[in-house]
Amino acid sequence: MVFGGASVVCWFCCPFWMIVWPLALPIGLTGVVRGLIECRAASRLGVSRTQPLTGLVLGTIGTAAAAAYMIFVFTHPDLPIQD
């Protein structure tokens, strides 16, 4: 699979992800929950929901990236990062 001229598999093998994904998953999930709570509060108060929606989107993207990496690592036990 090629994305932007680089292989997605090589992108997932980056040592940066090995360090970041255990932190990104709980932080992303926290961002999603907080975004939902803030969106509900903003709609009840009748104020702008731009910031809560932005936080919700960013939390969802971070959570999805961390979950995708976690699934990739656990389904490919032959990767060099697991040695």
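The values are calculated or read from the model by the stated rules, or taken from the named source; none is laboratory data. Bear in mind the structure is a predicted one, so any value in this text is a computation, not a measurement. Don't worry about glycine lacking a Cβ; one is built from the backbone with ideal geometry, like all the others, and counts go over all protein chains shown. Surface areas here come from the heavy atoms of the whole protein model, side chains and all, with no ligands, DNA or RNA. Shrake-Rupley method; radii C 1.70, N 1.55, O 1.52, S 1.80 Å.
Measuring only protein heavy atoms, the 1.4 Å probe finds I19 accessible over about 120 Å². Inter-label distance, I27 to A42: 2.1 nm, where each label sits 7 Å from its Cα along the C-beta direction.
V57 to F16: extension gain in nm, 0.36 nm per residue of separation minus the Cα-Cα distance?
Working: separation 41, 0.36 × 41 = 14.76 nm, distance 2.24 nm.
Taking V57 through F16 to full extension adds about 12.5 nm, to one decimal.
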